[in-house]
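Coordinate-derived values only; no laboratory data. Computed from a predicted model, the values in this text were never measured in an experiment. All Cβ positions, even for glycine, are placed from backbone atoms using ideal geometry, and neighbour counts span all protein chains on display.
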Amino acid sequence: MPKTVAPGAAEHAIALFDQWSAGNWEQVRRDFDPTLSQTLSAAAIADAWTQVVDLVGAHRRTGEPSVHQEADHTMVDLPLDFETGPMKGRVAYNPQGQVAGLYILVPDIG
């Protein structure tokens, strides 16, 4: 298991969320691992983004990423600023550098 974060993960995560907020659903899926590719379609990605925008308004900007290792996955958390409040983006990368998880979460309290 790798003990260090995957190189380029932070930059890739920023680009991924830029593509997501721009509505480029297939570009978001480009680096998914096989499991995520089968379970998260372009339509599901579009629906998820619509739900977030309906909840907190338009995406305004993405903040500085925070990168850490959890077991064999590199995790990148991104502060996401929307019209009516913050959210947190998270991308999990497998040891091969593929996207193994993609989330928009309520930010940590405190």
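For the chain, the longest principal axis of the alpha carbon atoms and the long axis of helix 42-56 meet at an angle near 50°. Note: the chain, Cα convex hull, 100 Å³ per residue. By its C-alpha gyration tensor, with a ≥ b ≥ c as the square roots of the eigenvalues, how is segment 59-110 shaped: rounded for a/c under 1.5, else prolate for a/b larger than b/c, else oblate? It is prolate, given that a/c is not under 1.5 and a/b is the larger ratio.
Ala42 sits among other residues whose Cβ lies under 15 Å from its own Cβ, and their net charge, with Lys and Arg +1 and Asp and Glu -1, is -1. For His68, project a label point 7 Å along Cα to C-beta. Then give me every residue of segment 1-45 with its amide nitrogen under 19 Å of that point. Inside the label zone: 2-11, 13-14.
Principal-axis analysis of the Cα atoms of the chain puts helix 9-21 at an angle of about 30° to the longest axis.
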